[in-house]
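Each remark here refers to the structure printed beneath this line.
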Amino acid sequence: MTRAAAAVLGLLAASASLRAQTPAAVETFDVAWTVIRDSHFDPGMNGVDWNAVRAELRPRAEAAGTPGELRAVLRDMLGRLGQSHFALLPAGADAATAGRTDLSGQPGFDTRLVEGQLVVSRVARDGAAAEAGVRQGWIVESIGTTAAGAILASVDSGLPPRLYTVEAWKAVQGLVRGPDGSRVPFVFRDGAGRRVPLELERRPEAGAPVKVGNLPTMFVRLESEAIRTPRGANAGVIRFNVWMAAVDAAFQKAVDGLRSADGIVLDLRGNPGGLAAMLMGISGHFLTERVALGVMKTRENELRFTANPRLVSAAGDRVHPFAGPLAILVDGLTGSASECFAGGMQSIGRARIFGETTMGQALPAVFRKLPNGDVLIHAYGDFVTATGVRLEGQGVIPDEQAPLSRENLLAGRDAALERALQWIDRAVQKRKDSR
Amino acid sequence: MRLFRYWPGPAALVLVLTAAGPAPAQAPPASLPDARDLMARHVEAIGGREAVFAQSSTYAAGTMSMPDVGLSGKLELYAAKPNKVLMRTIMPGIGDFEEGFNGTVGWSVNPLTGPTLLQGVQLEQKKFDADFHAGLKPDERYESITTIELITFDGRPCYKVRLVRPGGGEDFFFYDAKTGLKAGTVGTREGPMGPITATSVETDYKRFGSLLHPTKITTSVGPQRIVMTFETLQFDKVDPAVFEPPAHIKALIK
């Protein structure tokens, strides 16, 4: 996971765990500093004088009077690397999160930064927002007492657009989410330009709860559907929200149900990543050979993410991996393992990518529990696609750009999906022509 | 009796970390003990060749944890002569993992990569590592066995033995200079992601019947760490049917 991707996963979690704090400030600082020194994939520490960082920040850690102050020092240290996947998961509340640790409820809609405004990009079918009549394409003018302008002003305007998008989303989620059952007032602007004030209830997140080790609980969702392309071909759409092992069985069933489709669209928009090892299993549904999607370069070695062709159905029958056209949809909130998958499949020519450039935060990472109880997420590998493209800091660049527009959202159109379906049509026609 | 060894799969590679590798070498003594004597001394220390050879199967149960990740799950290991093994792990939040070899077929099934039929080098390695009485016949298994130094391994003086596998590749075994018990291994194996070098430290030997067995094996791969802890160890009670490949693997064999 990347830092932003880790943060996104954190926001997707129901609630942060609360445990007693052990001060151990200097010990905690030393462990975090040493772990990164010893495991960073680049012995040159991305050009940062790591010893100087220690000399500068260790006294501040020593002087930290509260867990929050210590975390600020640690985050400062992690930030010096200027790379993704270096993050801290607090074991308990600190000043920065006090009162906002319970993010288990949400009103049932998502947002994106579209044409400089916060816009509703998706409305959950059964959520409070849908019941209240919220529609995609509506502008979010305020959340609680905070105006949209103030939310965006809180985001560092000096960030690259790629990261600004992520940070804006996080800022919105920090206000939208809250305790299950609580209510939050919004002001929207609808498609006709009318001001729409609504108070929405935050409800439990849909999906199967999954708790993996020190990570907070996540809710895993996978949907699939069969749809028609513009020219009447049969296509399948599969979307899931996070790379957790619980996805595997549902994904297998979804593919089984779409084996006769003319093409499959895999929607990874908003998917921040998860367990990178799953790349090998999921890619195997679309590859007949053990092809490497990319390589994780660590300090000691290089590990290949090699597809494991999936030759058995959920029912135990022998099958062939899906060989038809595969389109992958991505956006600015597609991160980490999702990027490695999309970039890897693109690099071997197995998929065509549609949408918007991804997060560019694609460093495989692991965890380390620190003496104060917090969990350090730290990158120990660098992912490079099969064609040698490094995704960190760049992201996956779609073959066909299809940015969100408010006009399309209001009209109920999905430009990225439409382009993907058109491409499937062309592929089907090409296949017919070649016969 | 097969001494359990764990080569981390993809889940571990993505989820764990922390190394406890050998410390810098100490000054070598004037002469080093013969490697075969060290291996024989270990067999004697755990109960003797006859007692080891008398066992035809083992079942071990306990936990597998990845402490840095905060993961802990149930672990079951089955082994039987001549070369059958099965390891089942249930990791909360991730799922069920199974790796096995029935003397002919090697496999792994897990929710990260799906069912896999081992082939080529991976299958050969599995066969090699599955040898139930591996510790009793080093000369049959390795082309050369040499004691190379006395070093500090896991914080204690240990003899380091280099074993060259047929066809190349090396394993390193470490024997506690004081007790004679095996302290750990370092080896490289081909996994689904490529070659992986792992360091295993074997500690907390306890007596089960007439044999001593390490009840804690800590395996490190780079910054990742996996700890296997055994609470139960039984001999000669394994049902051979347990080594049957699961249905999804049988479908791959067709």
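The values are calculated or read from the model by the stated rules, or taken from the named source; none is laboratory data. Keep in mind that this is a model prediction, so the values were computed, not measured. For neighbour counting, all protein chains shown are included, and Cβ atoms are generated from backbone atoms with ideal geometry for every residue, glycine included.
Within region B:227-247, restricting attention to residues that are within 14 Å of chain A (Cβ to nearest Cβ) and of a type in the set (A, V, I, L, M, F, W, C), the residue that is nearest to B:ALA198 (Cα to Cα) is B:VAL227. Could you look through region B:210-226, keep only residues that are surrounded by fewer than 19 Cβ atoms within 10 Å (Cβ to Cβ) and in contact (Cβ under 8 Å) with a residue 40 or more places away in the chain, and pick out the one that is nearest to the other protein chains (Cβ to nearest Cβ)? The residue in question is B:LEU212. For region A:188-207, the criterion of being under 25 Å from A:LEU417 (Cβ atoms) and within 14 Å of chain B (Cβ to nearest Cβ) is satisfied by at least one residue. Of all the numbered requirements in (1) of a type in the set (A, V, I, L, M); (2) modelled with pLDDT of 90 or more; (3) assigned to a loop (DSSP other than H, G, I, E, B), A:ALA95 misses one, and that requirement is (2).
Counting residues that are over 16 Å from the mean Cα position of the chain (by Cα) and within 30 Å of A:VAL319 (Cα to Cα), which strands (runs of 3 or more DSSP E) fully inside region B:97-169 reach at least 2?
Details: elements: B:106-109, B:144-153, B:156-164.
Here the list reads B:106-109.
Taking the condition of being part of a loop (DSSP other than H, G, I, E, B) and touching a residue at least 24 places away in the same chain (Cβ under 8 Å), how many residues in region A:404-421 meet it?
First, the residues of region A:404-421 that are part of a loop (DSSP other than H, G, I, E, B): A:404-405, A:411-414.
Right, trim to touching a residue at least 24 places away in the same chain (Cβ under 8 Å) and you get A:404-405, A:411-412.
Result for region A:404-421: 4.
Restricting to region A:291-310, name every residue that is in a loop (DSSP other than H, G, I, E, B) and modelled with pLDDT under 95. Result: A:THR298, A:ARG299, A:GLU300, A:ASN301.
Looking at B:GLY62, B:GLY106, can you tell me which residue is of a type outside the set (A, V, I, L, M, F, W, C), free of Cβ contacts under 8 Å to residues at least 60 places away in the same chain and either more than 22 Å from B:HIS213 (Cα to Cα) or more than 14 Å from chain A (Cβ to nearest Cβ) (or both)? Of B:GLY62, B:GLY106, the one residue that is of a type outside the set (A, V, I, L, M, F, W, C), free of Cβ contacts under 8 Å to residues at least 60 places away in the same chain and either more than 22 Å from B:HIS213 (Cα to Cα) or more than 14 Å from chain A (Cβ to nearest Cβ) (or both) is B:GLY106. All conditions but one from (1) in contact (Cβ under 8 Å) with a residue 40 or more places away in the chain; (2) over 17 Å from the mean Cα position of the chain (by Cα); (3) surrounded by fewer than 18 Cβ atoms within 10 Å (Cβ to Cβ); (4) not in a loop (DSSP other than H, G, I, E, B) apply to B:ALA241; the one that does not is (1). Filtered by the rule that a residue be of a type in the set (A, V, I, L, M), more than 13 Å from chain B (Cβ to nearest Cβ) and either closer than 25 Å to A:THR358 by Cα or part of a helix (DSSP H, G or I) (or both), region A:251-284 gives A:ALA254, A:ILE264, A:VAL265, A:LEU266, A:LEU268.
Mind checking whether some residue in region A:326-336 is surrounded by fewer than 23 Cβ atoms within 10 Å (Cβ to Cβ), at pLDDT 95 or above and either part of a loop (DSSP other than H, G, I, E, B) or more than 14 Å from chain B (Cβ to nearest Cβ) (or both)? Explain how you work it out, then say what you get.
Narrowing region A:326-336 to residues surrounded by fewer than 23 Cβ atoms within 10 Å (Cβ to Cβ): A:326.
Still in the list and also at pLDDT 95 or above: A:326.
Within this subset, residues satisfying the condition of being either part of a loop (DSSP other than H, G, I, E, B) or more than 14 Å from chain B (Cβ to nearest Cβ) (or both) are A:326.
Among the residues of region A:326-336, at least one is surrounded by fewer than 23 Cβ atoms within 10 Å (Cβ to Cβ), at pLDDT 95 or above and either part of a loop (DSSP other than H, G, I, E, B) or more than 14 Å from chain B (Cβ to nearest Cβ) (or both), which makes the answer yes.
For region A:180-197, the set of residues classified as of a type in the set (A, V, I, L, M) and either over 27 Å from A:VAL114 (Cα atoms) or buried (at least 17 other Cβ atoms within 10 Å of the Cβ) (or both) consists of A:VAL184, A:VAL196, listed by residue number. The residue that is nearest to the other protein chains (Cβ to nearest Cβ), counting only those in region B:158-206 that are farther than 29 Å from A:GLY294 by Cβ, among the aliphatic types (A, V, I, L, M) and buried (at least 21 other Cβ atoms within 10 Å of the Cβ), is B:VAL201.
I'd like to know if region A:236-247 contains one or more residues that are surrounded by fewer than 17 Cβ atoms within 10 Å (Cβ to Cβ) and in a loop (DSSP other than H, G, I, E, B). No, region A:236-247 contains no residue that is surrounded by fewer than 17 Cβ atoms within 10 Å (Cβ to Cβ) and in a loop (DSSP other than H, G, I, E, B).
Where residues in region B:65-84 are within 14 Å of chain A (Cβ to nearest Cβ) and aliphatic (A, V, I, L, M), which of them is surrounded by the most Cβ atoms within 10 Å (Cβ to Cβ)? The selected residue is B:VAL69. Filtering A:GLN394, A:GLN429, A:GLN361, A:GLN346 for residues that are touching a residue at least 12 places away in the same chain (Cβ under 8 Å) and more than 25 Å from A:HIS85 (Cα to Cα) leaves a single hit, A:GLN429. Of all the numbered requirements in (1) surrounded by fewer than 23 Cβ atoms within 10 Å (Cβ to Cβ); (2) touching a residue at least 24 places away in the same chain (Cβ under 8 Å); (3) not acidic (Asp, Glu), A:ARG228 misses one, and that requirement is (2). A:MET296: within 12 Å of chain B (Cβ to nearest Cβ), surrounded by 21 or more Cβ atoms within 10 Å (Cβ to Cβ) and either touching a residue at least 40 places away in the same chain (Cβ under 8 Å) or of a type in the set (Phe, Trp, Tyr) (or both), yes or no? The answer is yes for A:MET296.
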